[in-house]
Amino acid sequence: MPSEKTLETDVLVIGAGMAGFFAAMKAKERGLDVTLTDKAYAGKAGSTHFSEGDIIYFQPQLGHDVKEWLEVISRNSEYLNNREWGEICLREADDRYRDLVDWGVPFYEKDGKLYVFATPKDTGVGATGTPYTLIAQQNRKFAPTLRDKAIACGVRILDRMMISELLEQDGRIVGAVGFNTISGDLYVVKAGATILATGSSSLKAGTYPVFSHTGDGEVMAYKVGARIVNKEFMYGVSYFREDVERRRRNGKVEISNNAIDVSYRHPFAIGGDFSGWYNKPNINSEGEPVVSPAWEAHTGKAPLYLDFSSASGWLMKDYLKRIGAPQADKIGLDIRRGMQIKWPSSRVMTSAIWNGSGVWATDWNCSAGIPGLYSAGNSCGTLASGAVYGGMGFASTHAMVTGARAALGAADHVQQNPRATVSDEEIARAKAQVRRPFERKGGFSPTWVTQALHGITVPYYFLDIKHGERLQAALTLVEFLGTHIVPKLMAETPHEWRMAHEVANMVTIAEMRFRSSLFRTESRGTHFREDYPKRSDPDWLAWVKIGKTDGAMSLTREPIPKAWWPDLGKPREKLYPRMLPME
């Protein structure tokens, strides 16, 4: 029979990715008792491929200029980034890299030296064509290395631990309640401070290789009064003007071997319309070059095709190896059609994940604005990135920097405040919330609810190509799921118990996404609305924050500082490297 366990710790870290490990180990360096939990296995799960590869290599002694780099990040982020947090990430990147080296994490070398590479300034390579220098970890090495190091330095690790409810006492967060997804044992963790490092908020879309980042931390923080920011931005349909011009000139996109080095650093990447990569279709049904798969489908030019006619035999073999299907017919490859792989309309779906959003950071140590609660990594809404990902290497760098800073904030809080005593009533409340799906005798299965949610969120015409009428219709259905279906979720096994809490969180995240998308009446970065197809400067040089007012979700607009605005007198094409579909 499942049992109940209670433990006490100085700092509770929820989530064991790059940010979580940094938070746990930096808090341990302060001499505190630290508990690190992950709903999977710490050291194997908990990070997207974005935390597995590049790290920003900012070296002032080599002539790197912080203002120049911040200008690049701001332009890539379409001016919705927090420049102060961007500078923090740049200036602390080298210290965090040296932490990884000290902890034994291996990096790529060339001729016996650290391999430093730069993204070209004159092309749209990668996510943003970032013209600065980077270094790269060796694939899938950092997490198991940091697990071993964390255990060695005394961090307590609880694997398969789904934390789903925070404990609050007299306005402070004093721990959390969760359960083991294998044994079903219930855990009450009393903590002096809690750090959320649960990653981005995915909707488990089939087109994106992230199935564990279900917004758990953001939803827990939202329920206790924290603000969430930037939920309208995802991987969308904007694209580089330079790519458009090149594709118009060439008539097609050549598949090149030059991008393979990048792909090998991110072996699980399947998303994005990146120049030179071979993971997206490049011609439409009329033989024209594809700029954005979702927009091509929306304009009636699907099915799309990935044309391998210009690819080498080695590249084709590599592609087949990556997708794990050696049989050409399984992936729609027809040699008689000139080595083209067919992408039907059903494969054009939103990925619905974005690491520019998260729990609004109210100070430089990543406080969530509630005493005792902090966030780190993709859970932390510093807005170092804005309407678009700020640049290659930013995810890992941001995770390390915010993880270390959240640890400082949590340690200071623990050392400066006496431990609060949590009441029996609060523990009983949290336990009841956590247990509810597992104690129901009837109701809706989490698998079915996930499928129902996908029907509302995954098709491209909801969160990729947006329109107010469709957004409102989808929001109405999501609200119904939240008010009528989610309270009746049931679980028959500990694994289903985890799934029940995950889909409940995804429903809340979906509501945030639809409300934010309706609230922002413009198009910008990865947020595109057919009914508001243009950027609205300066009205929407602002962030959208989500909170709870009288028990209901409420949204507010916070203008960015005018000092961070672009020169609005310049031509639009000079200000914005990305082009929106109706421009």
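The values are calculated or read from the model by the stated rules, or taken from the named source; none is laboratory data. Values in this document were obtained by computation on a predicted structure and should not be read as measured data. Counting neighbours? That spans all protein chains shown, and the Cβs are built from the backbone with ideal geometry, glycine included. Surface areas here come from the heavy atoms of the whole protein model, side chains and all, with no ligands, DNA or RNA. Shrake-Rupley method; radii C 1.70, N 1.55, O 1.52, S 1.80 Å.
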Does any residue of the range 104-113 turn out to be acidic (Asp, Glu), open to solvent by 70 Å² or more (accessible area, probe 1.4 Å) and part of a loop (DSSP other than H, G, I, E, B)? yes
Filter result for Phe480 (open to solvent by 50 Å² or more (accessible area, probe 1.4 Å), assigned to a helix (DSSP H, G or I), free of Cβ contacts under 8 Å to residues at least 24 places away in the same chain and farther than 18 Å from Glu530 by Cβ): yes
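With the structure loaded, tell me whether Gly225 is modelled with pLDDT of 95 or more, assigned to a loop (DSSP other than H, G, I, E, B) and touching a strand residue (DSSP E or B) at 6+ places or on another chain (Cβ under 9 Å) or whether it fails that test.
Values: modelled with pLDDT of 95 or more: yes; assigned to a loop (DSSP other than H, G, I, E, B): yes; touching a strand residue (DSSP E or B) at 6+ places or on another chain (Cβ under 9 Å): yes.
It is true that Gly225 is modelled with pLDDT of 95 or more, assigned to a loop (DSSP other than H, G, I, E, B) and touching a strand residue (DSSP E or B) at 6+ places or on another chain (Cβ under 9 Å).
Would you say Arg515 is open to solvent by 20 Å² or more (accessible area, probe 1.4 Å) and part of a helix (DSSP H, G or I)? Write out each step before concluding.
Numbers: open to solvent by 20 Å² or more (accessible area, probe 1.4 Å): yes; part of a helix (DSSP H, G or I): yes.
The answer is yes for Arg515.
Here is a yes/no grid of residues against (1) open to solvent by less than 10 Å² (accessible area, probe 1.4 Å); (2) modelled with pLDDT of 90 or more; (3) among the hydroxyl-bearing types (Ser, Thr, Tyr); (4) within 26 Å of Val177 (Cβ to Cβ):
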| position | (1), (2), (3), (4) |
| --- | --- |
| Glu4 | no, yes, no, yes |
| Leu7 | no, yes, no, yes |
| Leu12 | yes, yes, no, yes |
| Glu29 | no, yes, no, no |
| Val34 | yes, yes, no, yes |
| Pro60 | no, yes, no, no |
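Pull up the range 492-512, narrow it to residues that are among the acidic types (Asp, Glu) and out of contact with any Gly (no Cβ under 9 Å at 6 or more places or on another chain), then point me to the one that is most open to solvent (accessible area, probe 1.4 Å).
If we filter the range 492-512 for residues that are among the acidic types (Asp, Glu), which is where we start, we get 492, 496, 502, 511.
Cutting the leftovers down to out of contact with any Gly (no Cβ under 9 Å at 6 or more places or on another chain) gives us 492, 496.
Working: Glu492: 141, Glu496: 46 Å².
Residue satisfying both the conditions and the ranking: Glu492.
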All-but-one check, Trp103 against (1) aromatic (Phe, Trp, Tyr); (2) under 24 Å from the mean Cα position of the chain (by Cα); (3) at pLDDT 85 or above, failing number (2)
Within the range 151-197, count every residue that is open to solvent by 40 Å² or more (accessible area, probe 1.4 Å) and of a type outside the set (Gly, Ala, Ser). 9
Of the residues in the range 525-583, those that are modelled with pLDDT under 95, in a helix (DSSP H, G or I) and open to solvent by 30 Å² or more (accessible area, probe 1.4 Å) number 3
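Has the range 132-141 got at least one residue that is outside any loop (DSSP other than H, G, I, E, B), at pLDDT below 95, of a type in the set (S, T, N, Q) and open to solvent by less than 50 Å² (accessible area, probe 1.4 Å)?
Filtering the range 132-141 down to residues outside any loop (DSSP other than H, G, I, E, B) leaves 133-137.
If we keep only those that are at pLDDT below 95 as well, we get 133-137.
Next, only the ones that are of a type in the set (S, T, N, Q) stay: 133, 137.
Then keep just the ones that are open to solvent by less than 50 Å² (accessible area, probe 1.4 Å); that gives 133, 137.
For the range 132-141, residues outside any loop (DSSP other than H, G, I, E, B), at pLDDT below 95, of a type in the set (S, T, N, Q) and open to solvent by less than 50 Å² (accessible area, probe 1.4 Å): present.
Out of the residues in the range 287-308 that are small (Gly, Ala, Ser) and modelled with pLDDT of 75 or more, which is farthest from Ile465 (Cα to Cα)? Before you say what the answer is, go through the steps one by one.
Restricting attention to the range 287-308, the residues satisfying the condition of being small (Gly, Ala, Ser) are 287, 292, 294, 297, 300, 302.
Filter once more, keeping what is modelled with pLDDT of 75 or more: 287, 294, 297, 300, 302.
Values: Gly287: 22, Ala294: 7, Ala297: 10, Gly300: 13, Ala302: 15 Å.
So, considering only residues that are small (Gly, Ala, Ser) and modelled with pLDDT of 75 or more, the one farthest from Ile465 (Cα to Cα) is Gly287.
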Given (1) modelled with pLDDT of 95 or more; (2) within 23 Å of Met499 (Cβ to Cβ); (3) open to solvent by less than 50 Å² (accessible area, probe 1.4 Å); (4) touching a strand residue (DSSP E or B) at 6+ places or on another chain (Cβ under 6 Å), where does Asp38 come up short, assuming only one miss? (4)
Answer yes or no as to whether Ile88 is among the β-branched types (Val, Ile, Thr), under 30 Å from Arg524 (Cα atoms), part of a helix (DSSP H, G or I) and at pLDDT 95 or above. yes
When you scan the range 345-364, do you find a residue that is under 28 Å from the mean Cα position of the chain (by Cα), at pLDDT 65 or above and farther than 21 Å from Gly215 by Cα, even just one? yes
The helices (runs of 4 or more DSSP H) lying entirely within the range 372-466 that contain at least 2 residues which are modelled with pLDDT of 95 or more, among the charged types (D, E, K, R) and under 24 Å from Arg96 (Cα atoms) are 394-416
Test of understanding: among Leu408, Leu489, Leu475, which residue is in contact (Cβ under 8 Å) with a residue 24 or more places away in the chain, among the hydrophobic types (A, V, I, L, M, F, W, C), out of contact with any Leu (no Cβ under 9 Å at 6 or more places or on another chain) and surrounded by fewer than 22 Cβ atoms within 10 Å (Cβ to Cβ)? Leu408
Just to be sure before I move on: is Glu522 of a type in the set (D, E, K, R), open to solvent by less than 10 Å² (accessible area, probe 1.4 Å) and free of Cβ contacts under 8 Å to residues at least 40 places away in the same chain in the structure I sent? yes
